[in-house]
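Working notes, beginning with the structure itself.
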Amino acid sequence: MNRQGVRILIALSVFAVVFLALTVGSFTQKSATWDEPFPVTGGYAALKYGDYRWSADHPPLLKMWCALPLLAMPGVRFEVGASPITNSVDWMFFRQMRDAAEFLYKQNDTERILYPARFMIALLGVLLGVLVFCWAYELFGFWPAVAALALYTVEPNLLAHAGLATTDFGIACFLFGAVYFLWRTTRKLTVWNVVGLSLFVALAAVSKFSAILLAPILGLLLLLRSWKKLPLLALLAVVAYGAVWAVYGFRYPASARFGDRIRLQHEAYIRQRIPTTATILTVADNHRLLPNACIQGFLFNQAQMQQRSAFLAGRYSAKGWWYFFPVAFLIKTPIPLLVLFLAGLGLCVWRYREWLADGLFLLLPPAVFMGAAMLTRINIGLRHVLPVYPFVILLAAYAAARLEIPFRRIAVCVLIVIATAESLIVFPDYLAYFNFLVGGSRHGYKYLVDSNLDWGQDLKGLKRWLDRQQTSAPVYLSYFGTAQPSYYRIEAKRLPGYHDFFGGAELMPLRGGIYCISATMLQCVYTPYPGVWSEDYEKLYQQTFQNVAIFERAQADPAARERLLREHGVPFWNQQFEAFNQLRFARLCAWLRRRAPDDQVGHSILIYRLTDHDLQEALFGPPATNPI
């Protein structure tokens, strides 16, 4: 091996060690996020039993990859019955959620299952870093490639999702690999380049439905860069189609054990919205042109994309905003990376004549990824545009290599040092990272929630925080996530949260104490009474409060209680108690949004120390209709 080869090997080895250390060091301090139980459960069911019903929301490859270590573990339990398949969403979503919660929290030890699954995605993080280095090296040389690798190693969003057992990071890796090998193929048509291209296209096709964006990306790049190689698209289409059948075991039914066919849920709804797509998929299902679970999953995704609650800087929407993802990218990307990226982007425009051929491969794919995200109504997480980050880093490397300013290398090194310092400061809370354009991570909850900040990952941190307090004050918890507080031995009274399968909130008196509120719950994004507190909410709150008070007073008089139950019925009173519980919580959150939290756990769980007087003001004082 020559001297340059030794330098490359050292750089990649150091990268792998540091990247894995940061990723593993972070994810071992975090509880399961909202989505993680589902890929792990679905992957295990597919690998162990050939049952794809738990994996129908996306193709199963990455889920199977996450679950692969579980096959070598003794004593893994997966006890679910042959549930009936119905036309309702119950199987596709709620049954899948219940079974995943059972698998991870009742049938097995959570961390024994979760950590190996997360490590499998961390390995893909190493692979993506190697791909970024290789492409930067071929474009710009060794030192700009090292700069790209350094920026990649400490990028908080990549570190966060490389440590989660979900599909978001894996698809980013495979999409980037496909574009990289297409670039190599257009430069030199070799067997190895075509094999690499075909491999990454196949991996992407069986990992997530967003891989469909590869079709226009690869087609446009071939048309603009090397139109004589357009027949490659036919080969890639065949490869992708074959890969889809292969990952489902060349079998149409979703379940090998029961031969079940998942019926096409949401078809009537989707036919109204996208009639052509629904018709094509119905024909494909009737003629078994694709596996049933694949078709069902695509329809489920289309249904989910039609409407979803969203939050952005104090605003609420069910349809989202076209600028959501650009804003999220701007405030969650480290400023040093933004500076170098914008400089590289400017250089591409300034020198477009000399660099157009290669520049297309760095500009077109992220533009398509971001553009497609901006057209959707699913405004819940920067993770949906995670594939843009490797290209952003390559453009930053271009600036590091070609920017004509005094002391360029020193300036680049300073920016990398700043980015590294930011990454180390926010460790292990990478998912909650926000840059200083919005005041840093401590202020992130004011701008974005859900998987941008609060995905249920900080129950372990909350347990450590509570243990340090050594207080006898009552603890109240409103948690956004699927992890179980009881698993982490958190003793707290449960306020309304989202989502708990093993017992949730009960109506109870609220007293002074420690209130632990997930940021997503604080902003009331997915609650029955979402958004800012309104006059309509206040009227309903006062009405339900009076009804609950009437019923409570009747508890001392059995005859009066029976009369109320006879006049209105048990369902009415159950509804009144539930509505009051939710409205009371929403009013409390509206009041809390007007004051800064007393502490934060991982920046995702906000801590408020409230007195009885505070609660009296929050629940019965003038309503807080607008946040400060």
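Selection of first residues in the range 265-283 that are more than 20 Å from Ala293 (Cβ to Cβ) and of second residues that are part of a helix (DSSP H, G or I) and modelled with pLDDT under 70, restricted to Cβ pairs under 7 Å at least 6 apart or on distinct chains, gives an empty result.
Residues are listed down the side, and each one gets a yes or a no for (1) modelled with pLDDT of 95 or more; (2) acidic (Asp, Glu); (3) closer than 30 Å to Arg7 by Cβ:
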{"site": "Trp65", "(1), (2), (3)": "yes, no, no"}
{"site": "Leu68", "(1), (2), (3)": "yes, no, no"}
{"site": "Met73", "(1), (2), (3)": "no, no, no"}
{"site": "Val89", "(1), (2), (3)": "no, no, no"}
{"site": "Met92", "(1), (2), (3)": "no, no, no"}
{"site": "Leu124", "(1), (2), (3)": "yes, no, yes"}
{"site": "Glu138", "(1), (2), (3)": "yes, yes, yes"}
{"site": "Ala148", "(1), (2), (3)": "yes, no, yes"}
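Of the listed requirements (1) touching a Gly at 6+ places or on another chain (Cβ under 8 Å); (2) surrounded by fewer than 14 Cβ atoms within 10 Å (Cβ to Cβ), His499 misses just one: (2). Out of the residues in the range 596-627 meeting the condition of being more than 28 Å from the chain's Cα centre (by Cα) and part of a loop (DSSP other than H, G, I, E, B), tell me which one is modelled with the lowest pLDDT. So the residue we want is Asn626. Only a single item in (1) in contact with a Phe, Trp or Tyr (Cβ under 9 Å, 6 or more places away or on another chain); (2) charged (D, E, K, R); (3) at pLDDT 95 or above is not met by Arg494, and it is number (3). For the range 289-351, the helices (runs of 4 or more DSSP H) that sit wholly inside it and include 3 or more residues that are at pLDDT 95 or above and either in contact with a strand residue (DSSP E or B) (Cβ under 8 Å, 6 or more places away or on another chain) or surrounded by 19 or more Cβ atoms within 10 Å (Cβ to Cβ) (or both) are 324-332, 335-350.
Give, as residue ranges, the helices (runs of 4 or more DSSP H) completely inside the range 141-200 that count at least 2 residues that are surrounded by fewer than 24 Cβ atoms within 10 Å (Cβ to Cβ), touching a residue at least 24 places away in the same chain (Cβ under 8 Å) and under 13 Å from the mean Cα position of the chain (by Cα). Helices (runs of 4 or more DSSP H) meeting the threshold: none at all. Of all the residues in the range 543-577, those that are surrounded by 11 or more Cβ atoms within 10 Å (Cβ to Cβ), free of Cβ contacts under 8 Å to residues at least 12 places away in the same chain and within 37 Å of the chain's Cα centre (by Cα) number 1. Condition test on Arg98, is it modelled with pLDDT under 95 and surrounded by 15 or more Cβ atoms within 10 Å (Cβ to Cβ)? For Arg98, the condition - modelled with pLDDT under 95 and surrounded by 15 or more Cβ atoms within 10 Å (Cβ to Cβ) - is met. Every listed requirement among (1) closer than 21 Å to Ala32 by Cβ; (2) at pLDDT below 95 is met by Glu535 save one, (1).
Exactly one residue out of Leu395, Leu386, Leu403 is assigned by TED's automatic domain parsing to the domain that holds Asn301 and modelled with pLDDT under 95, and it is Leu403.
Filtering the range 1-23 down to residues that are more than 18 Å from the chain's Cα centre (by Cα) and of a type in the set (Val, Ile, Thr), which residue is farthest from Asp168 (Cα to Cα)? Only one residue tops the list, namely Val6.
The values are calculated or read from the model by the stated rules, or taken from the named source; none is laboratory data. The structure presented is a predicted model; accordingly, all values stated were derived computationally and were not measured. Every residue, glycine among them, receives a Cβ derived from its backbone with ideal geometry; neighbour counts consider all protein chains shown.
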